[in-house]
Amino acid sequence: MKLALQYLNDINGKPKAVQLSLTDWEKVLAKLKKYEQTLRIKSDLTEAFAEVALLRKSKEKKQSLTDFLNL
């Protein structure tokens, strides 16, 4: 994604802010939402696989999928 950025500098010429068009900002937000969703899904899957690994190691009686779905 190519963005047309404008930099705002202080009186010493040091960059302090960036401006971009509203259209570009909306594109950035849309991509950020997709990245956040992907990260959330990966995090949830990582947690789920860790739980499965613990369950497999456990000696306790496991709940069947049918029982789980009927709760």
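Just so it is clear, none of the values below were taken in a lab; they were calculated from the coordinates. Model, not experiment: these values are computed from the prediction. No Cβ is skipped: glycine too gets one built from the backbone with ideal geometry, and neighbour counts run over all protein chains shown.
Annotations for the structure displayed:
- Degrees separating the helix 22-57 axis from the principal Cα axis of the chain, which is the longest one: 20 degrees
- 222 nm mean residue ellipticity, helices alone, for the chain (DSSP H n ≥ 4; -39,500 (n - 2.57); rounded to 500): -20000 deg cm²/dmol
- With K and R counted +1 and D and E -1, the other residues having a Cβ less than 9 Å from that of Met1 yield a net charge of +2.
- Annotation: extensible slack from Leu3 through Thr66 equals 17.6 nm (criterion: 0.36 nm per residue apart, minus Cα-Cα distance).
- Set of lysines near Lys33 by C-alpha distance (under 25 Å), chain-local residues within fewer than 8 positions excluded: Lys2, Lys42
- Calculated SAXS-style log₁₀ I(q)/I(0) at q = 0.19, 0.20 Å⁻¹ - the chain, Debye, Cα scatterers: -0.92, -0.96
- Gain on full stretching of the segment that runs from Arg56 to Ser43 - 0.36 nm per residue minus C-alpha separation: 2.7 nm
- Projecting the Cα atoms of Leu65, Asn9, Leu54 onto the charge dipole of the chain, computed from C-beta unit charges around the Cα centre, puts Leu54 farthest toward the positive end.
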